[in-house]
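Worksheet for the structure shown next.
Laboratory data are not the source of any read-out in this text; all were calculated from the coordinates shown. Just so it is clear, the structure is predicted and the values come from calculations on it, not from any experiment. So basically every Cβ, Gly included, is an ideal-geometry build from the backbone, and we count neighbours across all protein chains shown.
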Amino acid sequence: MKLNNLKITAFRGATKPLLLEFDPAKNITMIFGENGNGKSTIADSIVCLCTPQHGSLEDKSSIDKSFFASVDKKPEDVSILLTTDSGAFAAKMSRAGAFEKNPATGHPTVRHLRRSQITQLIEEQPSKRYEKLSTYIDVANISRCEDSLRKAQKETETELNTAIATLTNAIQTLEKAWTAEGVPGKSWEEWAKKESAKDISAETAKYAFLQAIQKNASMVQEHQAKLANDRKSLTDSETNLKTADEALHLAMEKDKNAHKDLLAVLQSAKNYLSEKQEVKSCPVCDNTIERKTVLESLSKKIESMELIKSLTEKFRAARQDKDGKTQVFESSRHSLYQKLVTLEKSMAAAGEPGYSALTAKLSFLYTDILEGEKIDRYLKISDHLLSTLESQKPVVEKIKTAIDQNNLIKGQYQAIKDSRVKIGRTDKLSKAMKSTLEVVENARKDFIQGELTSISSEVDRLYQKIHPRESLGGISLTLKKTTKASLELNADFYSKKAVTPQSVYSESHLDTLGITVFLALAKRYGVGNSILILDDVVMSVDENHLDRFVELLHDECSEFAHILITTHYRPWRDRYRYNRAPASKVHFVELRSWSLDSGIRVQNGKVAIDELRAALADPKYFDRQKIVSAAGIILENILDFLSLLYGCRIPRKPKNDYQLRELLDSLSKKLIGALKIQQFGKDAITGKYLPTALQKETELRSLVDEIKELAIIRNWVGAHFNYDGSLVSDKDVTSFGEATLVLAELLTCPENGQFPDRSNSGSYWETKTGSIRLYPLKEPT
Amino acid sequence: MNQNPNELLAVQITKELLRLKLIDPAAEKKFTQAIGQGTLRESDWKLYLEEEVNKQNTPTDEAK
């Protein structure tokens, strides 16, 4: 799979839509940018698109989804589109902040390595260390099933224990009942079996009838008590009425002018005259009257009959009370009658001889005697009836006890049978679950350990590439058997074997150890089309180790569809720009300063030689300063390389910041005279450079001399403003640029862009691929 | 290596469970897929294992 381009809109630092074009011919992309210029935005966008993770935001303890959208943008503005030669993969963010992906599955595998992961892998406790690798050795699905199996096994064990407890309780209950019965038969079980087989439907039916009679008798008793109560209340209210009547009559006899009826007439007359203002004559005799005088007279008379008024009101209240009590009493009497009828019916339905006699006593209920009289007749026989029914209660209770006992035996005996079957099944299931859990757990641990062992040797191999002959290595990753997931990390340190590397390794050695662990894992589960993102992973690596690390990445890049490197580490960037690293496989991208208005600004960078070549070939604009400046830097780089290679004499400086003239002068005449480049061709079948296929041999003396002659142009045209620079012709500028370009091309491997820096032959320097040989091996004496 | 560890391990586990007669051979494919995809819940485990346990139950188990 090859990446074509990545389009990011409104995602984090991409305040303006960003289109990053990949070079389909190169499967390593290096994105260089200073902090805050958008490197992580690019890396995170691919992670968010292709995985459920959130990239660098993963390290934050709580992720606020609004952080995905750029400043002043809404979640629904966010979109990511990755176009590859295998298809396009898009993601849009919903208003709720979740990524909706199209297609939903089948994304390229992305391995995102951040510096924090490396630090955590090395520094974490073994129990947490495994978590950091768990996404690589992805057995999460199996672990999930293992957890559910463990839960199921516990549930089954609980079920088993519950069934055993039920069985034990049932046995104890039956043994107790058996003992209470006087231990009949041979054993409690035989007795229980026999008892539970008994048919007690007749007893159950009889009990139902008797229970109904008892219940109805109880109801009659209740209503009878209520009737007695209501009757007493009625009698009391009748007495009150009589007393009120007598008091009223006595008062009227005492005052012949006062009478309750006269009082009522006077009260009515007063009310009438009070309302009728226009009355002038008496409505009875038609004589002329003075309304005010009459009203005063009426008031006086009414006042004189105050006692009659009060007694009249008491009489009325007593009468009202008596009427109410009468109604209540009648209602009670009717209810009792209903309950008596129900009782009679239930006794008749029982069909028991003992109840027939009692039923006969109540047979009058169906005669045509008036209802009130029925009650009176009943009340005469009630005591006998109720006490007879009360005496039957123990009989009913006995039947109930027998039924309950039988039900208990049946229930417990059935529970024993059921529990035994359940215990048998559940025990087998529980054992099967235990065995299965053992299989799953061991298989998982063995698998992971197998993978770790395999990874360990690969980690060691990769580590030795970065740290050859340093007496380090022997790296082993071990999963503890006793815990679910605890990862031990050990390594050798000189004569000490299997030590914890954190205690003896330097920070940069630990960094490279962490990187190689992840790299080995990513390789193992790469499935061929994975994208490896190294997100600012290198911080503390020195020059030599950086070279080896870069070389390692290039050696391993064929294992991945693409490697995306982001870095703010300038030495790494410069190794590509100035051919100290195999730049030919690398698509170089430089990010300019980020701003809210412009967003992430991509400068599709070229290595310095390409820039010089482009500047020389630009048909529209002949940029003198650009050509000379680029050529000068390339020259300084080449000469720095050569002077180091041959140990040239040069005045020492504290910072080794030598300039072009100093570097040129460091090459002795003898050395310049001996410098020679041989270029070789490739085998058509294997594609490898053949040591026998010498294509061209070039002595460098004339080229170096030409450059030495023109080198002053660098300062005049490429570095400073001065009058001399104006006098330099375009032809000289071109010559300086072209000579530099020829020298750089002669020294650069066309395959991986590196200089010849290997001396394995013992007689010349050569590039890693064998494409170029540089003579001599040492400066001639 | 081009295999998903979950799927690889699922095959290993299924083989071992079949060897120990803990699951029904007829369910091999379905079981391997389910464990590899991580979709086996408590109730699923019970069903798979119960099926095989019940097969091994003698008729007297029920009669007790």
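Numbers for the structure displayed
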read-out: Charge sum, other residues only, whose C-beta stays under 11 Å from A:L472's C-beta, Lys/Arg counted +1 and Asp/Glu -1; value: -1
read-out: Average beta carbon contacts from partner chains per residue of A:143-156, 10 Å cutoff; value: 5
read-out: Percent antiparallel among DSSP beta bridges (both partners in chain A, rounded to 5); value: 70
read-out: Segment A:603-679: chymotrypsin sites (Phe, Trp or Tyr not before Pro) in DSSP coil with no more than 11 other Cβ atoms inside 10 Å; value: A:Y621
read-out: Per principal axis, descending, Cα span of segment A:511-657 in whole Å; value: 50, 45, 30
read-out: Integer Hz, Karplus 6.51/-1.76/1.60 couplings in order for segment A:662-667, x for Gly and Pro; value: 4, 5, 4, 5, 6, 7
read-out: Helix-only CD estimate at 222 nm, as mean residue ellipticity for chain A, using -39500 (n - 2.57) per DSSP H run (n ≥ 4); value: -19000 deg cm²/dmol
read-out: Sites A:S593 and A:K74, calculated FRET efficiency, Cβ-Cβ separation with R0 22 Å, nearest 0.05; value: 0.25
read-out: Distribution of pairwise C-alpha distances over segment A:231-320, 10 Å bins, in %; value: 15, 36, 25, 16, 6, 1
read-out: Packing rank of A:300-306, A:287-293, A:28-34, where each peptide gets the mean count of other beta carbons within 10 Å, highest leading; value: A:28-34, A:300-306, A:287-293
read-out: Amide H partners (placed H, <5 Å) of A:L564, local residues excluded; value: A:T29, A:L532, A:I533, A:L534
read-out: Spread of Cα-to-Cα distances over 10 Å intervals beginning at zero, given as percent, for the protein assembly as shown; value: 2, 8, 11, 12, 11, 8, 6, 6, 6, 6, 6, 5, 5, 4, 2, 1, 0, 0
read-out: Span-rule helices in chain A, defined as complete DSSP H runs reaching 15 Å or more along the axis (Cα) with Kyte mean at least -0.5; value: A:39-50, A:260-275, A:507-524, A:624-646, A:730-747
read-out: Chain A - charge dipole about Cα centre, Lys and Arg +1 at Cβ, Asp and Glu -1, debye rounded to 20; value: 860
read-out: About the Cα centre, charge dipole magnitude for segment A:615-775 (Lys/Arg +1, Asp/Glu -1 at Cβ), debye; value: 440
read-out: Linear extension gain, A:E246 paired with A:E438, 0.36 nm per residue minus alpha-carbon span; value: 58.8 nm
read-out: Rg/Rg_ref, segment A:615-775, where Rg_ref = 2.2 N^0.38 Å and atoms are Cα; value: 1.12
read-out: For B:34-41, mean number of other protein chain Cβ atoms within 10 Å; value: 6
read-out: Calculated FRET efficiency for the pair A:T326/A:D286, C-beta based, R₀ 60 Å, to 0.05; value: 0.80
read-out: Over 23 Å between alpha carbons, listed pairs A:K260/A:K301; A:K193/A:K400; A:K176/A:K206; value: A:K176/A:K206
read-out: Peptide-level mean, for A:436-444, of C-beta atoms on other protein chains within 10 Å; value: 5
read-out: Derived scalar couplings ³J(HN,Hα) [segment A:668-673; Karplus, 6.51 cos²θ - 1.76 cosθ + 1.60; whole Hz; x for Gly, Pro]; value: 6, 4, 4, 5, 4, x
read-out: Candidates per trypsin sites (Lys or Arg not before Pro) in segment A:186-239, loop by DSSP, up to 16 other Cβ within 10 Å; value: A:K186, A:K198
read-out: Greater than 19 Å apart at Cα, pairs in A:K422/B:K55; A:K132/A:K585; A:K445/A:K465; value: A:K132/A:K585; A:K445/A:K465
read-out: Compactness index (Cα Rg / 2.2 N^0.38 Å), segment B:5-58; value: 1.09
read-out: Ranked by how many other beta carbons lie within 10 Å on average, peptides A:243-255, A:560-572 from highest; value: A:560-572, A:243-255
